[in-house]
1. What GluC sites (Glu not before Pro) does the range B:63-123 have in DSSP loop regions with at most 14 other beta carbons within 10 Å?
2. To the nearest 20 debye, what is the magnitude of the charge dipole of chain A about its Cα centre, counting +1 on the Cβ of each Lys and Arg and -1 on the Cβ of each Asp and Glu?
3. Helix B:261-282 versus the longest principal axis of chain B: what angle, 0 to 90°, nearest 10, using Cα atoms?
4. Express in nm, to one decimal, how much length is gained between B:D383 and B:D330 on full extension, taking 0.36 nm for each residue of separation and deducting their alpha carbon distance.
5. Once the dipole of the protein assembly as shown is set up with Lys and Arg at +1 and Asp and Glu at -1 on Cβ about the Cα centre, which of B:P69, B:I267, B:S181 lies farthest towards its positive end?
6. What are the ³J(HN,Hα) values, in whole Hz, obtained from phi via the Karplus relation 6.51 cos²θ - 1.76 cosθ + 1.60 with θ = phi - 60°, for each residue of the range B:85-101 in sequence order, with x given for Gly and Pro?
7. Skipping prolines and chain starts, which residues have an amide H placed within reach, meaning under 5 Å, of the one on B:A107, given they are 5 or more residues away or on another chain?
8. Order these peptides, B:247-258, B:333-344, B:262-273, A:34-45, by their mean beta-carbon neighbour count within 10 angstrom, highest first.
Amino acid sequence: MSKNYVGVLALYEPNGDIRPLEIIWKDGYRYPIDTVKQVCSAASLKSGGIGTRFTCVIRGQLRYLYLEEKQQRWFVERL
Amino acid sequence: MDRVILHCDLNAFYASCEALYHPEYKGLPLAVGGDPAQRQGIILAKNQLAKEAGVQTGEAIWQAKKKCPGLIVVLPDYEKYHMFSHRVRQIFLEYTDLVEPFGLDEAWLDVTGSQKLFGDGKTIADTIRKRIRDELGITASVGVSDNKIFAKLGSDYKKPDATTCITKQNKKQIVDPLPVSDLLNVGRATAVTLHGMGIRTIGDLSNADRTILSKRLGKAGDMLWTYANGLDPSEVRPYDYHEDNKSFGHTVTPPKDLTDIHQIRPIFYILTQDICCQMRAQNVLCRKVAIVYRDSKLRWQSRQCGLDRPSENVKEIAEKGIGLLGKSYDFALPLRSVGIRTMDFVKKEEHLQMSLFVDEVNKEKDHIIECTMETINNRFGKDCIVRCIALEGKDYE
Ligand SMILES: [Mg+2]
């Protein structure tokens, strides 16, 4: 099992906050993020790792999007 | 008022970090160890399943695999462990600035003054455990008591991910039956001596005659008696003071207490000389100087301040430290220990900006003198040539 790293289009707010706007899947398909419901530090026990966790609503469904601590890569939690 | 001290211990620390990053090994015995291709590879840490199979820290990997054929061994990744340790400390520091690390995976916290904000000791312990679990995916066990020794026994009492409070009321049930070797600073030799005196448990030790203990074990005997009775007065040192790899520093406890600032000047010069050598080796300049001191009642204090411009100059840094101590301490009590350190580094090449207020010519001369001294010492032996002022400090080293 490996982590599902994805491309992310994000806005860096003037106050330093990061707001992910769109997830770009491996096949190039784009998933716009409707809203971000919560941002917190969290561990991902399923994919393995720690970072900032964005609870996103995508097409009406909840998905966890992580910005990994060290490498600054994004991954989506496997469900 | 009684103090409230926590001791946090990350459970099977290295192995837990690796388990988090390898969800595919979930439910399998896992250990962290040296390169198995090299013969001297040994087990550094193991998870619960490996422990149940009899795998022991410190044994050779091939021995461990004999006991536990399915054992998965991953190479240690110290960068990862430092990152986790740092993140855990950041959580601690949200609850108190009195955080004294003990290795990468343990720390004492004094939360006496934090209870109005965050709840009592047990509540803070439970909050911290939950945060470590949720945010970092590893677990900690925490002991809560009114002294460091019992707090540490508490964190050992129930693992993983548990809080144990040791109070004057439950001390008899929890602490007294524990083997005396569980106590901090009781090594094998001391344990043998104690066993010879018929002392097997911590309870035995706490009921033993204090003067006889001192006679048999010297100062240590008296100290262990206070440990066993929950009377150890030592304080949790402020985190700020602690030396990590982002600073260079030294602390000394001279044989005689220090009663005025003139005795400290030479000591600071000696310590700073070595610190500046380390900075030169790393090619950095410091922007901050910090001092730490402990009075004869064993209370630690620390102070820090910025420099006008980044420096690697012994005189400048030592004098800054002396000035800082002079301003912050009046010698109402003599000092038992003093230390100085430098931090907030910039790379030497990155710093070219001149300051308006510093005498550049003299500094350049100082720099040449220091480099020359260093070359001489490297060639003919440490302390072959020293500053005159540092000679005075020899008595205090
Ligand atoms: Mg531990």
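Taken together, the values in this text are just the output of simple stated rules run on the coordinates, not laboratory data. Because the structure is predicted, anything quoted here is derived from the model rather than measured. Glycine also receives a Cβ, built like all others from the backbone with ideal geometry; neighbour counts cover every protein chain displayed.
1. Numbers: sites: B:E79, B:E94, B:E106; in loops: B:E94.
For GluC sites (Glu not before Pro) across the range B:63-123 that sit outside H, G, I, E and B with at most 14 neighbouring Cβ atoms in 10 Å, the list reads B:E94.
2. 280 debye
3. Approximately 80 degrees, to the nearest 10.
4. Going from the current span to full extension adds 15.9 nm.
5. B:P69
6. Once θ is set to phi - 60°, the couplings for the range B:85-101 become 4, 4, 5, 5, 5, 4, 5, 3, 5, 6, 10, 6, 8, 8, 10, 10, x Hz.
7. B:C8, B:F102
8. B:262-273, B:333-344, B:247-258, A:34-45
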